[in-house]
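So the structure is just underneath, and the comments pick up after that.
What follows is calculated from the coordinates using simple rules that are stated; it is not laboratory data. Please read these numbers as outputs of a predicted model, since none were measured by experiment. Every residue, glycine as well, gets a Cβ built from its backbone with ideal geometry; the counts of neighbours run over all protein chains shown.
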Amino acid sequence: MSFDITQWIVKIPVLLFAITIHEYAHGRVALWLGDPTAKQMGRLSLNPLPHIDPLGAICLFIFNFGWAKPVPVDIRYFKNTRRDIIIMSLAGPLANICVAFLAGLFIRFLVLPFEIYLQALLWLILMNIGLGIFNLLPLPPLDGSHVLENILPPVAAQKYRAFGRYGPFILIGIILLDNFAHTGIIGRILIGPMFYLAHLFAGDNLFHLLPLLR
């Protein structure tokens, strides 16, 4: 973990924004689909504080991977349960990808000679793409697991749901292995797609600005 204070002054607000927009999107789409639970519990908010999970935040700052407090959802409100769970689950990652796309446009077309501005754009595009793709992994409790569970036939979905109780332990184990045994499991999954999308959004300016993050 880098202790460059300037980088962290930029990185912390960007990180909080990324997890907030992710959870807000889940709650907003759930409301559109008929579920008012997140709104009633004060979670339909762009204030990051209601979305922070203390352990997840610690892991984010120590290991660069973590999680927010999941937005409460009551699937009994959904008219088409399996379809609506998939739509709601995809909303968070897609919100992050949309933010990254906008940051990419600024990098591509509006490069200004201010280092903090450029660092903020780089963290916005990389963190949001990273968070979006990471959450699409089909490993409970990530969003991708809810998508996969509701695509599978009922019998297979039930078996997958039973496996889900071990998902958080597997996820934490992979993160710990990556950070202490340097296995690079998450990196091999995420780095290629992350930089492909970042370059697609931002163009060659992305690579000219990457040294700012070192």
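Tilt of helix 167-176 relative to the longest C-alpha principal axis of the chain, in degrees (0 to 90, nearest 10)? Taking the Cα atoms of the chain, the angle to 167-176 is about 20 degrees. Over all projection directions, the Cα-based convex hull of the chain averages an area of 12.4 nm².
Between the Cα long axis of helix 5-32 and the first principal axis of the chain there is an angle of about 30°, rounded to the nearest 10.
For region 5-213, what is the number of Lys pairs with C-alpha distance below 25 angstrom, counting only pairs 8 or more positions apart or on separate chains?
Qualifying lysine pairs in region 5-213: 4.
Residue separation of Trp32 and Ile12 scaled by 0.36 nm, minus their Cα-Cα distance, works out to 4.2 nm of gained length. Maximal additional length on extending the Lys69-Asp204 stretch stands at 45.0 nm, based on 0.36 nm per residue less the C-alpha distance. For the chain, the 222 nm mean residue ellipticity estimated from helices alone, with every DSSP H stretch of n ≥ 4 adding -39500 (n - 2.57) and the total spread over all residues, rounds to -22000 deg cm²/dmol. For the chain, the longest principal axis of the alpha carbon atoms and the long axis of helix 115-135 meet at an angle near 30°.
Spin-label model, Leu49 to Ile170: label points 7 Å out along the Cα-to-beta-carbon direction sit 3.7 nm apart. Placing R0 at 25 angstrom, the Cβ-Cβ distance between Leu212 and Arg188 gives a FRET efficiency of 0.50 after rounding to 0.05.
May I ask you to work out the translational diffusion coefficient for region 84-177 at 37 °C, viscosity 0.692 mPa s, via Stokes-Einstein with Rh from the Kirkwood sum over Cα pairs, reported in whole µm²/s? Please report the intermediate quantities before stating the final value.
On the way: Rh = 15.0 Å.
After rounding, the answer is 219 µm²/s.
Couplings for region 47-57, taken from phi via the Karplus curve 6.51 cos²θ - 1.76 cosθ + 1.60 with θ = phi - 60°, read 7, x, 4, x, 9, 7, 9, x, 5, x, 5 Hz in order; Gly and Pro are left as x. By the count of neighbouring beta-carbon atoms within 10 Å, fewest first, Met127, Met41 end up ordered Met41, Met127.
Per residue, the average separation of C-alpha pairs within less than 8 Å and at least 6 apart gives the chain a relative contact order of 22 percent. All alpha carbon pair distances within region 86-141 were sorted into 10 Å bins beginning at 0; the resulting P(r) in whole percents reads 25, 44, 21, 9, 1.
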